[in-house]
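Note sheet for the following structure.
The values are calculated or read from the model by the stated rules, or taken from the named source; none is laboratory data. Just so it is clear, the structure is predicted and the values come from calculations on it, not from any experiment. Here Cβ is always computed from backbone atoms with ideal geometry, including for glycine, and neighbour counts include all displayed protein chains. These area figures cover heavy atoms from the full protein model, side chains too; ligands, DNA and RNA do not enter into them. Shrake-Rupley method; radii C 1.70, N 1.55, O 1.52, S 1.80 Å.
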Amino acid sequence: MLCLVNRERSAHGETPLQTNAHLDQAAQSHSDSMSARAYFDHVGPTGDTPVVRMRAAGYIYSSRVGYDVAENLAWGSLWEGSPRAIVAAWMGSPGHRANILDPRFHDTGLGVSPHLPGSMAHGQPGAIYTQDFGVIVTG
């Protein structure tokens, strides 16, 4: 998934994103939560937002640092749930594309749950994806 996103960034003259373990944790926990609780949204059922999740995972580690963050979500069943199909869909969506190509972002984290709620997939196999983006601005 990261290779596909970085290929898009490279093709558009942007530097590659670097994996960040804290963002990986935030993204994976959100994908797992959406799968387990059968929802699809940037805000979890307890009100947790991307910033709240990134802070809890340790990416935003102080109230004294600045940060820019963003989040892409996707889900798909069968072939539409493959990483290649998800990245293609994100690149076809202006908001998702803007996050992927945003030159401010240096860090990324990816989370994938291979379990789609029945209300989404109607029994078909698939996956839910979360990609978190960020940059910490110090001093």
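How high is the relative contact order of the chain, in percent, counting Cα pairs under 8 Å that sit 6 or more residues apart? Show your work: numbers first, answer last.
Values: 254 pairs, mean separation 52.1, N = 139.
Value for the chain: 37 percent.
If eta is 1.002 mPa s and T is 20 °C, what Stokes-Einstein diffusion coefficient results for region 79-139, Kirkwood Rh from Cα pairs, in µm²/s?
The calculation lands on 162 µm²/s.
Short version: ³J(HN,Hα) in whole Hz for each residue of region 14-27, in order, from phi by Karplus 6.51 cos²θ - 1.76 cosθ + 1.60 (θ = phi - 60°), x for Gly and Pro, what are they?
So the J values, rounded to whole Hz, are 9, 6, x, 7, 10, 5, 10, 4, 5, 5, 4, 5, 4, 5.
Highest GNM mean-square fluctuation, the chain, Cα pairs closer than 10 Å: which of ASP102, ASP24, ASP32?
ASP102
Check ILE128: other-chain or 5+ apart residues with amide H under 5 Å from its amide H, H built from backbone geometry?
For ILE128, whose amide H was placed from the backbone, the distant partners under 5 Å are SER113, HIS115.
Run through region 1-61 and list the chymotrypsin sites (Phe, Trp or Tyr not before Pro) located in a DSSP loop whose Cβ has at most 15 other Cβ atoms within 10 Å.
Working: sites: TYR39, PHE40, TYR59, TYR61; in loops: TYR39, PHE40, TYR59, TYR61.
When the chymotrypsin sites (Phe, Trp or Tyr not before Pro) of region 1-61 are filtered for loop state and at most 15 Cβ neighbours within 10 Å, TYR39, PHE40, TYR61 remain.
Amide H neighbours of TYR67 under 5 Å, counting only residues 5+ apart in sequence or on other chains, H built in-plane at 1.01 Å?
VAL137
Grab the DSSP H runs of the chain that are 4 residues or longer, score each as -39,500 (n - 2.57), total them, divide by all residues and round the 222 nm result to the nearest 500 deg cm²/dmol. Walk me through the numbers before you get to the answer.
On the way: 6 runs with 55 residues, N = 139.
When only DSSP H runs of four or more count, the value is -11000 deg cm²/dmol.
May I ask for the Rg/Rh ratio of region 17-83, computed from Cα atoms with Rh as the Kirkwood radius, given to two decimals? The partial results should precede the final answer.
Values: Rg = 13.1 Å, Rh = 13.1 Å.
Reported Rg/Rh (Cα atoms, Kirkwood Rh): 1.00.
Ranked by accessible surface with a 1.4 Å probe, highest first, in what order do MET91, MET34 come? Write out the running numbers ahead of the final one.
Values: MET91 20, MET34 0 Å².
Most to least solvent-accessible, the answer reads MET91, MET34.
Scan [x] 50, 37, 23; [y] 42, 41, 26; [z] 56, 37, 28 for the value of Cα extents along the principal axes in Å calculated from this model and give just the label.
[x]
Rank VAL65, THR49, TRP79 by how far each Cα sits towards the positive end of the charge dipole of region 46-96 (+1 on Lys, Arg Cβ; -1 on Asp, Glu Cβ) and give me just the farthest.
Positive-end residue among those listed: VAL65.
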